[in-house]
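The values are calculated or read from the model by the stated rules, or taken from the named source; none is laboratory data. Small disclaimer: the values here were computed from a predicted structure and weren't measured. In this analysis, Cβ positions are derived from the backbone assuming ideal geometry, glycine residues included, and neighbour counts consider all displayed protein chains.
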Ligand SMILES: Cc1ncc(COP(=O)(O)O)c(C=O)c1O
């Protein structure tokens, strides 16, 4: 029982009224586990919210944060600097594509997205192409909650009822279970469809009206969908052909999720701007950032008088020394434990095989994976659509497993530090939970021949 009120905190993306009836409180975390108030362990197969990639409770990070708080807790980032932010920025560039050596720090992924949109706009103005003001996004894309990101949202419920920028067109979503079911890694089909849609938008709007394309290299909140083979290469080619900037929203895919530091390095496709957040310091202190191709920054600098800031934009806590110190400590762990690449090596293979072993469960219509990411899609049969996922989610939680339901897709993104034994435990708890739920819901009788 809680000894505090549940009335005052209006929680994000939460059915607060339902929560108050059935509070779900975690009080402790360690490694790959969260712990409920009653002490029950819950295997965290979501790495919090795709952010605790080094696992929970890493002492090194805690010690670095404490030491930094005692050394210098804060100094204004506007017109001033502290060593940790510069050191962290410098270290990060060892993991970015060769042309990307600049980062603008923010506090979250949402801020990173809106910042990237503004940098893209500014760049087009700086090079005398101010007419390029439209954006292209993608159906089922998620780009945070600020007004720019909300406008880029391909998830209707996240746009509905909010003020949005109107100058946005959407590429088709990548989920194609009919043609790509049970793909391991990148699926075969979908690149051509995207390319045709891209060219249609160009024909309709004119390339000289389009500033940038923003996509997640792997769709995350839209149900974890890896890009079809050749997709990212093609979108880069089309952006180059039409002189359009390419923004990869790597808020989820960054920091080892796909088997390399970034999806862009995993797939060898370099965007112009790359947003990041979440796992940037292991999910410990709020932080995000926009990685920027050097030439973009230089063009903006060259265009700006030397007596004013080059970018009238920024946040109080941008590059705060505490978040950067946490980042440096997390980076030590990522590098020392080989976490950036484990998803494309033995652990990635173990994860893939484990996940696909679930294909014998009833009503499973697709299993997808890339790096240390996975999704299992269910056919709800005679249940209302999107009702099975939440039931499985709740049962998993009851059985000590935290995974995520996106409609009837169950999505997994465990800490990269997860062990093979913990992957086995995930399979055991997931299988049990699904079997229980499907045993309880009414399954239509199969007509006999
Ligand atoms: C692809 C993507 N972009 C942006 C965001 C927003 O990040 P934040 O919640 O840190 O604002 C998210 C969050 O899940 C995301 O998945």
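Is it the case that some residue within region 272-288 is assigned to a helix (DSSP H, G or I), touching a residue at least 12 places away in the same chain (Cβ under 8 Å), in contact with a helix residue (DSSP H, G or I) (Cβ under 9 Å, 6 or more places away or on another chain) and more than 16 Å from the ligand (Cβ to nearest atom)?
No, because not a single residue in region 272-288 is assigned to a helix (DSSP H, G or I), touching a residue at least 12 places away in the same chain (Cβ under 8 Å), in contact with a helix residue (DSSP H, G or I) (Cβ under 9 Å, 6 or more places away or on another chain) and more than 16 Å from the ligand (Cβ to nearest atom).
Which one of these does residue 386 not meet: (1) in a loop (DSSP other than H, G, I, E, B); (2) touching a strand residue (DSSP E or B) at 6+ places or on another chain (Cβ under 9 Å); (3) on the phi < 0 side of the Ramachandran plot?
(3)
It is to be established whether one or more residues within region 31-39 are under 20 Å from residue 393 (Cα atoms), in contact with a helix residue (DSSP H, G or I) (Cβ under 6 Å, 6 or more places away or on another chain) and modelled with pLDDT of 95 or more.
yes
Looking for something part of a loop (DSSP other than H, G, I, E, B) and either within 16 Å of the ligand (Cβ to nearest atom) or in the same structural domain as residue 268 (by TED's automatic domain parsing) (or both) - is there at least one such residue anywhere in region 60-73?
yes
Return a yes/no flag: does region 201-216 have any residue that is surrounded by 22 or more Cβ atoms within 10 Å (Cβ to Cβ), part of a loop (DSSP other than H, G, I, E, B) and at pLDDT 95 or above.
Yes: region 201-216 contains one or more residues that are surrounded by 22 or more Cβ atoms within 10 Å (Cβ to Cβ), part of a loop (DSSP other than H, G, I, E, B) and at pLDDT 95 or above.
Tally the residues that are within 11 Å of the ligand (Cβ to nearest atom) and in contact with a strand residue (DSSP E or B) (Cβ under 7 Å, 6 or more places away or on another chain), restricting the search to region 105-136.
Qualifying residue count, region 105-136: 8.
Enumerate the helices (runs of 4 or more DSSP H) found wholly within region 83-160, keeping only those where 3 or more residues are within 26 Å of residue 194 (Cα to Cα) and at pLDDT 95 or above.
109-126, 147-152
Tell me which of these residue 408 doesn't satisfy, since it passes every other one: (1) surrounded by 21 or more Cβ atoms within 10 Å (Cβ to Cβ); (2) touching a strand residue (DSSP E or B) at 6+ places or on another chain (Cβ under 6 Å); (3) in contact (Cβ under 8 Å) with a residue 60 or more places away in the chain.
Here residue 408 meets the rest and fails (3).
When region 101-118 is examined, which residues are found to be surrounded by 23 or more Cβ atoms within 10 Å (Cβ to Cβ) and touching a residue at least 40 places away in the same chain (Cβ under 8 Å)?
The answer is 103, 104, 105, 106, 109, 111, 112, 113, 115, 116, 117.
For region 259-270, which positions are assigned to a loop (DSSP other than H, G, I, E, B), touching a strand residue (DSSP E or B) at 6+ places or on another chain (Cβ under 9 Å) and either away from the ligand (no atom under 13 Å from the Cβ) or free of Cβ contacts under 8 Å to residues at least 40 places away in the same chain (or both)?
259, 269, 270
Kindly list the number of the only condition in (1) crowded, with 21+ Cβ neighbours inside 10 Å; (2) within 30 Å of residue 295 (Cβ to Cβ) that fails for residue 170.
(1)
Scan 301, 291, 198 and give me the residue that is touching a strand residue (DSSP E or B) at 6+ places or on another chain (Cβ under 6 Å) and either in contact (Cβ under 8 Å) with a residue 24 or more places away in the chain or not in a strand (DSSP E or B) (or both).
291
Scan region 375-386 for residues that are surrounded by fewer than 20 Cβ atoms within 10 Å (Cβ to Cβ) and touching a residue at least 12 places away in the same chain (Cβ under 8 Å) and jot them down.
If the condition is that a residue be surrounded by fewer than 20 Cβ atoms within 10 Å (Cβ to Cβ) and touching a residue at least 12 places away in the same chain (Cβ under 8 Å), then 379, 380, 381, 382, 383, 385, 386 are the ones that fit.
Given the conditions (1) within 16 Å of the ligand (Cβ to nearest atom); (2) at pLDDT 95 or above; (3) over 30 Å from residue 350 (Cβ atoms), report the number of the one that residue 173 does not fulfil.
Unmet condition: (3).
Does residue 83 qualify as being surrounded by fewer than 16 Cβ atoms within 10 Å (Cβ to Cβ) and either more than 17 Å from residue 282 (Cβ to Cβ) or away from the ligand (no atom under 15 Å from the Cβ) (or both)?
Working: surrounded by fewer than 16 Cβ atoms within 10 Å (Cβ to Cβ): yes; either more than 17 Å from residue 282 (Cβ to Cβ) or away from the ligand (no atom under 15 Å from the Cβ) (or both): yes.
When the stated conditions are applied, residue 83 passes them.
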